[in-house]
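The values are calculated or read from the model by the stated rules, or taken from the named source; none is laboratory data. The structure displayed is predicted, hence computed values, not measured ones. Glycine also receives a Cβ, built like all others from the backbone with ideal geometry; neighbour counts cover every protein chain displayed. With ligands, DNA and RNA removed, areas are computed over all heavy atoms of the protein, side chains included. Shrake-Rupley method; radii C 1.70, N 1.55, O 1.52, S 1.80 Å.
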There are 2 protein chains.
Amino acid sequence: MKTIIPSVKGTRDFYPEDMAVRTWLYNKLRKVSESFGYQEYEGPILEKIDLYAAKSGEELVKEQAFVFNDRGGELITLRPELTPTLARMVAQKQNELVFPLRWWSFGPFWRYERPQKGRTREFFQWNIDLFGATSTDVDAELIAIAASFFKEAGLDSDKVKIAVNDRRLMDASIKKLGVSDDNKKAVFRLIDRQDKMSLADWRAYGLDLGLTENQVDALRALMDNRDLWKESVELTRVFDILNKMGFGDYIQYDARIIRGLEYYTGTVFEARDASGEGRAVLGGGHYDNLVADVGGAPLAGIGFAMGDVMISVLLKKYDLIPGDLIPRAPVLVTVFDESRVGRAYAIASQIRQSGLTVVCYPESAKLPKQFKYADRIGARFVIVEGPEEEAGGLITLKDLKDGSQQAVKLEEIVLKLNELLAH
Amino acid sequence: MKTIIPSVKGTRDFYPEDMAVRTWLYNKLRKVSESFGYQEYEGPILEKIDLYAAKSGEELVKEQAFVFNDRGGELITLRPELTPTLARMVAQKQNELVFPLRWWSFGPFWRYERPQKGRTREFFQWNIDLFGATSTDVDAELIAIAASFFKEAGLDSDKVKIAVNDRRLMDASIKKLGVSDDNKKAVFRLIDRQDKMSLADWRAYGLDLGLTENQVDALRALMDNRDLWKESVELTRVFDILNKMGFGDYIQYDARIIRGLEYYTGTVFEARDASGEGRAVLGGGHYDNLVADVGGAPLAGIGFAMGDVMISVLLKKYDLIPGDLIPRAPVLVTVFDESRVGRAYAIASQIRQSGLTVVCYPESAKLPKQFKYADRIGARFVIVEGPEEEAGGLITLKDLKDGSQQAVKLEEIVLKLNELLAH
C-alpha cells in the first residue's frame, strides 16, 4: 500500500466533529458581535507584502509571514493578520462608509510559528474593530465585547482575566525614568520579554540595551505597579465604564502589557487564563494612524483579535464545548432491493420536503446492515417499504429508541414522524 | 495624500453587504446539504503539490495553481480544488469512518485565471461528496442535491439545467468510432472544446489530433445525440431515480459533458443557465480511484463543486438575492454629555442582556448628530437619558418609525421595546 500523502505541517484537518466545534465558536462570536451592532465583513486571504511592511511589526512580517512571488512577479503574502486589510478596506470607501463604523470577521490566517500547544501555522481568528470615534472611552466597548464573549462561552471572570494597559501611560512613565525616545522601542521589547526570561537574564538584557542599573530596577518596579493606571485619565474612564457595564470582575490593570504590533497608540489589552498559564487568548488595542498609513485620511480605530486555537485549549480545559454538536439525520430510508432504489429515494425526497433531514441508504443491501448503519449515524427512525407494504399503501416505521415498529400510510408519514419527534 | 495600497488582482473585498450575501448563500448550502444528512468538514488551505500532481488535470496544476516554496523548501500550493484533500482526509481515517460517508464544505480556493465575468482568482466553493457506495445509483442523490439547491434558491428548472453524461458511455462510444485508447484523452479534450471554437477550427483540431474526416463527423453526430444515454444501464437508472424524486425537469442528457478533471470515471454532470449562456455553475462526477491514488484503500466517491462567483451572477440575473441581508441594530443609546458616557454604556449593556442588539453611540456628541447616525445605521429606536430623565428614574424612548416619543421607566425598557418591536 502507498503512503498517504501527508498534510502540510502546522495545518489542521477539520473532520466533522472538529468543524462542528469551529461552527459553534463562529456562532458564538456572531451572536456577541451582532449584539453590539457590529457587521460581518471579510478581506482577501492574499495581500501585497507592502500592506504589512509599514506597521505590523518586524517579527510578524520578516520572520512569520508566508511570502511568495505571484506569476506576475509581485511579492504576495498569506495574511498573517487582518487589521492592515481592514484599514485598506476602510480607506478605499472612506467617503461612503457611515462612522462610527463597527465591523467583525472570522477567517483563516497563517504564520510560520513552531507548532505547539495553542499554536498552529494555519489558524482562524475573530477580528472586531470600531473606527471613527474621537474619544478613547470607546475602548471600553471593545473590552466589554471580549468579556461578553467569555461570559457567553461560560468562561467566568474566575477563569479568564483581561489585562489592560495604555501605551501613552507607558511612554510617559518610561520617559520619567530618563529613557531616551530612541530607546523606547527597546524598552517596550524588554517589558514584553519579562515573562519569557529569568530575572537575571532579563536584567542583563536591560543593561545590554543601554539602561543603567537604576533604570532597570525602576522599570521592574513600574511593571509591578498595579495602581499606575490612576495616573491615566483615559484608563480611569475606561475602567469606570467597564465597572458600570458590569464587567469589572474581568478586568485587571497590568503595566507589563505592551502588545507586539507597532501600530498601537493608546489602550492595549490581552486576555488569558486567570491562572496566568499559556499564551494570550486575545489581544488588541487602539490605533490612530493605520488608516492614514495605508493611504486613507487619518482615522482612529480600536479592535482586537482572538485566535481559535488558544481559546479552544481554554474551553476544553474547563469542559465548555458541548459534546454532540454534529447535526444528525433523524430518519433513514432503507432500500429493500435492487428494483426499489428509486422508490426509496422518492420516499426520502418526499419526507425531506417537510423540512426533516433524511438519509437514504444509497443502494440495495441486506436490511440488518442498513439498520446497523442507521444506528451508527445516530438516526432514530428507519423506514422500510417492501412489496407487502407497497401493496397495502403502507410503509414500516421503526423507532430505534424503543425498538417499536408500526405500519404507517405513506401520506401520513411526515405527520407521524413529527408527532414522535415531539416526544 | 498617499495612494491606497491596492488589493491583489483577482481577490475580492467582502464589505458587509457582500459578506451578508456570502453568508446567505452559505446558509442555503448548509440547509440543503444537511437536509440530505451530509456533515460539514473543511481541509487546510495549504497542501503539498504532490497531492494534486496525480489527478487534478494538467491545466489545473501546471497553469492555474498558486505554488510556492515554504521555508522548509517544500513545494506548497494554495488549494485549487478540494477533492484531493477530501480523499486524503478519508484515506487517513478510513478504518474509523462510517461508510457510506456524506460530507460537505464551503471554503476559499485559488486559481490563476484571467479575472472576468463569473471568474475571480480567489473564490469560494461548495463541495459535497459521498463515499463508499458500490452502486452508481447514488450518483442520482448528488444530482438531486444540486437540483434541490437550485429550487431552494429560487432557480426553477426553466432557469437552470443540469446536463449529465457518463465517461464509461463515452469511452465505449468513442471506441466504436475506431479511436485508439491512446487517443482517448485527446478526443475528450476535443469534445470539451466544442463550444469554445468555430466548427471549422474544431474540425481542423480533430484532424490535427489524428482523427479521420469520418471520425470527426461521427464524433460530431455523437455529441448531438440526445438519446445516447439509453445505451447506458447506469444513466437509465440514474434518470429514473431523478424522475421519481421529482427533479426530472432539471435534467438533460448531454454527450458534450466531459469535465476536465482526470479522476472522473463514471457519471459526470454540470449545471448552467438554461439559456446556455456563461460558464458552468457547478460540476462534478463519480470517481473510483482517487482515495487509492492518495494512499488509501480503493473507495468510490461521487461529488460536485459549485463556485460562489458564477452562481451569484445567475442569482443576480434572476433577482433572487434578497435586498437587505445585513442584520440591523434596532436600538441606539445616545450619550447625553461627556459625564454620562458610562451611564449610556451601562443602559445599552442592560438592554443587550435581554438578547436585543443595541448600539451605544461611542462618545459625547450633539444629539441631532446621534439621531442622524441612528437613522443611517437603520436603528428604529433611540434612547436618551439626560439629567432630567435620570432624576425621574426615566429614559426617553423615541421611535424613528413614526417620530413618537415617550418616557419609560428604566426597568421597563426591555418590555416596552419588545412590545413595540412586535408591531
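For segment B:1-34, the candidate set comprises residues that are of a type in the set (Lys, Arg) and more than 7 Å from chain A (Cβ to nearest Cβ); within that set, the residue that is farthest from A:PRO44 (Cα to Cα) is B:LYS31. Filtering segment B:347-374 to residues that are among the basic types (Lys, Arg) and buried (at least 22 other Cβ atoms within 10 Å of the Cβ) leaves only B:ARG352.
Screening B:ARG121 on (1) under 30 Å from A:THR334 (Cβ atoms); (2) crowded, with 22+ Cβ neighbours inside 10 Å; (3) of a type in the set (D, E, K, R) shows it passes everything except condition (1). Screening B:ASN27 on (1) under 15 Å from the mean Cα position of the chain (by Cα); (2) in contact (Cβ under 8 Å) with a residue 40 or more places away in the chain; (3) open to solvent by 50 Å² or more (accessible area, probe 1.4 Å) shows it passes everything except condition (2).
Of everything in segment B:95-105 that's surrounded by 15 or more Cβ atoms within 10 Å (Cβ to Cβ) and more than 9 Å from chain A (Cβ to nearest Cβ), which residue is farthest from A:THR3 (Cα to Cα)?
Top of the filtered list is B:TRP104.
Just a yes or no: is a residue in segment B:230-252 within 25 Å of B:ARG111 (Cβ to Cβ), in a helix (DSSP H, G or I) and of a type outside the set (Val, Ile, Thr)? Within segment B:230-252, none of the residues are within 25 Å of B:ARG111 (Cβ to Cβ), in a helix (DSSP H, G or I) and of a type outside the set (Val, Ile, Thr).
Residue check: B:GLU411 meets all listed conditions (1) among the charged types (D, E, K, R); (2) within 19 Å of A:SER135 (Cβ to Cβ); (3) away from chain A (no Cβ under 12 Å) but one, namely (2).
Say whether the condition of being over 22 Å from A:GLU34 (Cα atoms), within 8 Å of chain B (Cβ to nearest Cβ) and open to solvent by 10 Å² or more (accessible area, probe 1.4 Å) is met by at least one residue in segment A:148-159. Taking every residue of segment A:148-159 in turn, none turns out to be over 22 Å from A:GLU34 (Cα atoms), within 8 Å of chain B (Cβ to nearest Cβ) and open to solvent by 10 Å² or more (accessible area, probe 1.4 Å). Do we have B:ALA91 as out of contact with any Pro (no Cβ under 8 Å at 6 or more places or on another chain), among the aliphatic types (A, V, I, L, M) and either open to solvent by less than 30 Å² (accessible area, probe 1.4 Å) or more than 9 Å from chain A (Cβ to nearest Cβ) (or both) here? Taking the combined requirement at face value, the residue satisfies it.
Residues are listed down the side, and each one gets a yes or a no for (1) among the small types (Gly, Ala, Ser); (2) within 30 Å of B:ALA348 (Cα to Cα):
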| residue | (1), (2) |
| --- | --- |
| A:GLY10 | yes, no |
| A:LYS31 | no, yes |
| A:SER35 | yes, yes |
| A:GLU40 | no, yes |
| A:ARG79 | no, no |
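Closer than 28 Å to A:HIS423 by Cα, part of a loop (DSSP other than H, G, I, E, B) and either in the same structural domain as A:VAL90 (by TED's automatic domain parsing) or open to solvent by less than 20 Å² (accessible area, probe 1.4 Å) (or both): is that true of A:ALA344 in this structure? Judged against the criteria, A:ALA344 is not a match.
Just the residues that are in the same structural domain as A:VAL382 (by TED's automatic domain parsing), open to solvent by 30 Å² or more (accessible area, probe 1.4 Å) and either in a helix (DSSP H, G or I) or aliphatic (A, V, I, L, M) (or both), please, taken from segment A:322-339. A:GLU338, A:SER339, listed by residue number.
To keep it simple, each residue is scored yes or no on (1) under 29 Å from B:ARG343 (Cα atoms); (2) within 14 Å of chain B (Cβ to nearest Cβ); (3) surrounded by 21 or more Cβ atoms within 10 Å (Cβ to Cβ).
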residue: A:LYS230; (1), (2), (3): yes, no, no
residue: A:VAL233; (1), (2), (3): yes, yes, no
residue: A:VAL238; (1), (2), (3): yes, yes, yes
residue: A:GLN252; (1), (2), (3): yes, no, no
residue: A:LEU261; (1), (2), (3): no, no, yes
residue: A:VAL268; (1), (2), (3): yes, no, yes
residue: A:GLY278; (1), (2), (3): no, no, no
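Beta carbons closer than 6 Å, at least 6 apart along the sequence or on distinct chains, never pair a first residue in segment A:408-423 that is closer than 10 Å to A:LEU394 by Cβ with a second that is at pLDDT below 90.
Here B:ARG256 meets each of (1) closer than 18 Å to B:GLN194 by Cα; (2) in contact with a Phe, Trp or Tyr (Cβ under 9 Å, 6 or more places away or on another chain); (3) open to solvent by 10 Å² or more (accessible area, probe 1.4 Å) with one exception, condition (2). For the condition basic (Lys, Arg), part of a helix (DSSP H, G or I) and either outside the structural domain of A:PHE239 (by TED's automatic domain parsing) or open to solvent by less than 70 Å² (accessible area, probe 1.4 Å) (or both), A:LYS175 does not qualify.
This table checks each residue for (1) more than 8 Å from chain A (Cβ to nearest Cβ); (2) in contact with a Ser or Thr (Cβ under 9 Å, 6 or more places away or on another chain); (3) more than 21 Å from A:TYR41 (Cα to Cα).
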residue: B:ILE326; (1), (2), (3): no, no, no
residue: B:GLY342; (1), (2), (3): no, no, yes
residue: B:SER349; (1), (2), (3): no, yes, yes
residue: B:SER354; (1), (2), (3): yes, no, yes
residue: B:PRO368; (1), (2), (3): yes, no, yes
residue: B:PHE371; (1), (2), (3): yes, yes, yes
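Taking segment A:1-117 as the region of interest, the strands (runs of 3 or more DSSP E) fully inside it that hold 2 or more residues being among the hydrophobic types (A, V, I, L, M, F, W, C) and touching a helix residue (DSSP H, G or I) at 6+ places or on another chain (Cβ under 6 Å) are A:101-110. Number of residues in segment B:75-85 that are under 29 Å from A:GLN64 (Cβ atoms), more than 9 Å from chain A (Cβ to nearest Cβ) and crowded, with 19+ Cβ neighbours inside 10 Å equals 5. For segment B:118-127: of the residues being in a loop (DSSP other than H, G, I, E, B) and within 11 Å of chain A (Cβ to nearest Cβ), which is nearest to B:GLU63 (Cα to Cα)? This residue is B:ARG121. When B:PHE66, B:PHE150 are checked against the criterion of being more than 30 Å from A:VAL359 (Cα to Cα) and hydrophobic (A, V, I, L, M, F, W, C), B:PHE66 stands alone in meeting it. Of the candidates A:GLU411, A:GLU389, the single residue that is acidic (Asp, Glu), open to solvent by 50 Å² or more (accessible area, probe 1.4 Å), over 24 Å from B:PRO100 (Cα atoms) and not in a strand (DSSP E or B) is A:GLU411. The condition of being touching a Ser or Thr at 6+ places or on another chain (Cβ under 7 Å), among the small types (Gly, Ala, Ser) and facing chain A (nearest Cβ under 9 Å) holds for only one of B:GLY37, B:GLY72, that being B:GLY37.
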